[in-house]
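Everything on this sheet refers to the single structure shown next.
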Amino acid sequence: MDGTGEDASQRRLPLRLLLVLALLTTVAPFSIDMYLPGLPQLAADLGTDATRVQLTLTAFMLGLAGGQLVIGPLSDRFGRRRPLVIGAVVCAASAVVCALAPSIEVLVTARCVQGFSGAAGLVIARAVVADLRSGRAAAQAFSLLMTINGLAPVVAPVLGGIVIALSGWRAVFLALTAIAVVMAAGAILVVPETLPAGARHGGGLQELCRAIRQVLRARTFVAYALVLAFSFGALFAYISASSFVLQNVVGLSVGMFSVAFAANAVGIMVTSAGNARLVGRVAPARLLAVAVGVQVCAAVALAVLFGLGVTAAAAVLPVLFVSAAVLGGVFGNATALALEQVRRAAGTGSAVIGVTQYGMGALVTPLVGLGGDRAALPMAMTMTACSLLAAVVLLALRLGAQRAARRAGNAPAVSGSPRPRR
């Protein structure tokens, strides 16, 4: 409680802090979306094929996953600021190496390092919110964070298309270097240390494993983390294949692809903003269930279209828009519901969320490329499978909660008995 009797954990975060935290989480959309329009050019320049080019995405995603697994627990030990600043600096240096890469092998390696170091912004931004806010306030903060963060996928492909048209794909990584420098400055000037020394955990591999085991024992946390992972898998199936599908199959130009990609990102922003307003009146779990249901319907519709051979932009683009936009109702709610279960190890919990998300992203990338650069059905089928798995996990969680409630209702009342988790 503050001096007015208001619970500080239920107040809105300062806008300046939200803006910087949102910027810190844009390492993924900027590092991926800016160079998507240039993948065909990159492949030609380095003398390689679409499958090996997509390895630069896989390497980046694996780096993001591994980096969060390491940096999240480190932030539980050393605090949030120090790992955050170091990560931003290394991310900038690795972007320079990407710009100068003489071969696909060097580029893949540098992308992995870029993802690993850039993971600091993702994992620590979530942990900072969890340190400062809880419950509906946390769900609202994560939704607002995603709304602001949604500008990156809007700006990135358009900016990337302009940069590539003027200076080639290598210039994209020089732009990413500048963005990483701005991230480091924001972390130093605006983000406070939100984890007091007395709340930090010990270090070492044994302590890291203990913290991860503790988080993974929270079944409700694991369930929401899996919903996030499968939903992210559906999103990344679209992200990693859309450049080839929309240009080679649907027939969009580079410029129109950038516009379509940006429009879908605007959809995510709009639903995220709407979710932030609704969460004060409707339970986050209910909003999440509705969003996952719509996600499944849109993915199935897309698979049916491509399965029937329908590739007209007028039919495909609206369905893709719904598939992407509905995720604004998934990510904020599921993240808040998950981290609420592990508030005393928010850094480690955030790391596990990141690992499952970006590990899933790395897994689906080669799946959507199985049919080559002129096949659309693998993308749609992967999106459908991931969406259905998210729905199954959410349904299992709800059924488990109902069974637990029935057992608690039949059990005799015992004074001091623990309350069931939300």
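The values are calculated or read from the model by the stated rules, or taken from the named source; none is laboratory data. As the structure is a prediction and not an experimental result, all values here were calculated from the model. Methodologically, a virtual Cβ is constructed for each residue, glycine included, from the backbone with ideal geometry; neighbour enumeration extends over all protein chains shown.
Here Y238 clears all of (1) surrounded by fewer than 19 Cβ atoms within 10 Å (Cβ to Cβ); (2) among the hydroxyl-bearing types (S, T, Y); (3) out of contact with any Lys or Arg (no Cβ under 6 Å at 6 or more places or on another chain) except the condition numbered (1). Inspect all residues belonging to segment 228-244 and state whether any of them is among the aliphatic types (A, V, I, L, M), outside any helix (DSSP H, G or I) and either at positive phi or at pLDDT 90 or above (or both). No, because not a single residue in segment 228-244 is among the aliphatic types (A, V, I, L, M), outside any helix (DSSP H, G or I) and either at positive phi or at pLDDT 90 or above (or both).
For segment 255-313: of the residues being polar (S, T, N, Q) and assigned to a helix (DSSP H, G or I), which is surrounded by the most Cβ atoms within 10 Å (Cβ to Cβ)?
In this case the residue turns out to be Q295.
Every test in (1) closer than 30 Å to R77 by Cβ; (2) of a type in the set (S, T, N, Q); (3) surrounded by fewer than 24 Cβ atoms within 10 Å (Cβ to Cβ) is passed by T384 save one, and that test is (1). Among the residues of segment 50-106, those identified as β-branched (V, I, T) and under 18 Å from the mean Cα position of the chain (by Cα) are T56, T58, V70, I71.
Any idea which residue in segment 41-54 is farthest from T348 (Cα to Cα), counting only those that are of a type outside the set (S, T, N, Q) and touching a residue at least 60 places away in the same chain (Cβ under 8 Å)? Out of the qualifying residues, it is D45. Is it the case that segment 49-66 has a residue that's of a type in the set (D, E, K, R), in contact with a His (Cβ under 6 Å, 6 or more places away or on another chain) and not in a loop (DSSP other than H, G, I, E, B)? Scanning segment 49-66, I find no residue that is of a type in the set (D, E, K, R), in contact with a His (Cβ under 6 Å, 6 or more places away or on another chain) and not in a loop (DSSP other than H, G, I, E, B), so the answer is no. For segment 6-17, state whether one or more residues are in contact with a Phe, Trp or Tyr (Cβ under 7 Å, 6 or more places away or on another chain), closer than 30 Å to Q140 by Cβ and at pLDDT 80 or above. The answer is no, given that none of the residues of segment 6-17 is in contact with a Phe, Trp or Tyr (Cβ under 7 Å, 6 or more places away or on another chain), closer than 30 Å to Q140 by Cβ and at pLDDT 80 or above. Of all the numbered requirements in (1) out of contact with any Phe, Trp or Tyr (no Cβ under 8 Å at 6 or more places or on another chain); (2) small (G, A, S); (3) crowded, with 24+ Cβ neighbours inside 10 Å, G63 misses one, and that requirement is (1).
Per the conditions (1) part of a loop (DSSP other than H, G, I, E, B); (2) touching a helix residue (DSSP H, G or I) at 6+ places or on another chain (Cβ under 7 Å); (3) not aromatic (F, W, Y), the sole criterion not satisfied by G72 is (1).
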